[in-house]
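First comes the structure, then the notes that go with it.
The values are calculated or read from the model by the stated rules, or taken from the named source; none is laboratory data. What you see is a predicted model, and the numbers here were worked out from it, not measured in a lab. Every residue, glycine as well, gets a Cβ built from its backbone with ideal geometry; the counts of neighbours run over all protein chains shown.
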Amino acid sequence: MSIQLTIANATHLPYVEELVEMYRFSAEERKTGIALRKPEYLQKKMNNGDAIIALDGDILIGFCYIETWSHHKYVANSGLIVKNAYRKQGLAKMIKVHAFKLARDKYPSAKVFGITTSLAVMKINSELGYKPVTFSELTQDTEFWDACKSCPNYDILERNERRMCLCTGMLAPSKEEAPHLDLSHLILQTNPV
């Protein structure tokens, strides 16, 4: 296994359709909150250098992207996905650590946040300095919450006026707020083999 993690770019566009299928399959398999992604959206993330892609040789094995909200006051790591055959090997953590670093480096004044139903992601987020928060402490951009519409739990979010859902909101300080947040131990632990 020769795993490579890199910031996605235009050379990775051939993987977009496979990524769309990975998200669809994962949503069906887990029957929990996974928003579906459109090819054009993933292409834009790759072209803008706003994603981390994991490859084993030329095989797509994982992905995560970043997006800004509320005029760059918030940045989210979203769409963390790992191919089934590569799960439970620490790959999700590798990808998440690199996406977190990318978010803080590209948008140093933005708080980093995410919403998830995954206990594994919550554990990784906690190691990175995220704290659980109420949804009122996250971006209030309608476009962010509209992305939840493809989730089977959207009715819960809507019924509760975006105050709560099955997802847990998590928030980490911006790079400017916590410039000395030491990620070196996590980066070293997660360097690909």
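Could you list, in sequence order, all residues of region 157-178 that are of a type in the set (Asp, Glu) and part of a helix (DSSP H, G or I)?
158
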Fill in the blank from the handout: Matching residues in region 103-156 (in a helix (DSSP H, G or I) and either in contact with a Cys (Cβ under 9 Å, 6 or more places away or on another chain) or among the polar types (S, T, N, Q) (or both)) number 9
Practice task
Answer yes or no: is there a residue in region 31-41 that is of a type in the set (Lys, Arg), free of Cβ contacts under 8 Å to residues at least 40 places away in the same chain and buried (at least 19 other Cβ atoms within 10 Å of the Cβ).
Solution key: no
Handout entry: Selected residue (criterion: modelled with the highest pLDDT) from residues of region 1-39 that are acidic (Asp, Glu) and either out of contact with any strand residue (DSSP E or B) (no Cβ under 7 Å at 6 or more places or on another chain) or not in a helix (DSSP H, G or I) (or both)
Key = 17
Practice task
Among the residues of region 81-118, write down those that are within 10 Å of the chain's Cα centre (by Cα) and aromatic (Phe, Trp, Tyr).
Solution key: 100, 113
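Listed residues 81, 59, 66, 95; which is touching a Cys at 6+ places or on another chain (Cβ under 6 Å) and aliphatic (A, V, I, L, M)? Spell out how you get there, then give the answer.
Numbers: 81 fails: touching a Cys at 6+ places or on another chain (Cβ under 6 Å); 59 fails: touching a Cys at 6+ places or on another chain (Cβ under 6 Å); 66 fails: touching a Cys at 6+ places or on another chain (Cβ under 6 Å).
Of 81, 59, 66, 95, the one residue that is touching a Cys at 6+ places or on another chain (Cβ under 6 Å) and aliphatic (A, V, I, L, M) is 95.
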Exercise for the section: Restricting attention to region 134-179, report how many residues are within 26 Å of residue 95 (Cα to Cα), aliphatic (A, V, I, L, M) and surrounded by fewer than 16 Cβ atoms within 10 Å (Cβ to Cβ). Expected result: 2
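Against the definition (in contact with a Ser or Thr (Cβ under 6 Å, 6 or more places away or on another chain), closer than 25 Å to residue 29 by Cβ and among the charged types (D, E, K, R)), how does residue 149 come out, yes or no? Break it down stepwise before answering.
Values: in contact with a Ser or Thr (Cβ under 6 Å, 6 or more places away or on another chain): no; closer than 25 Å to residue 29 by Cβ: yes; among the charged types (D, E, K, R): yes.
So residue 149 does not fit the description; no.
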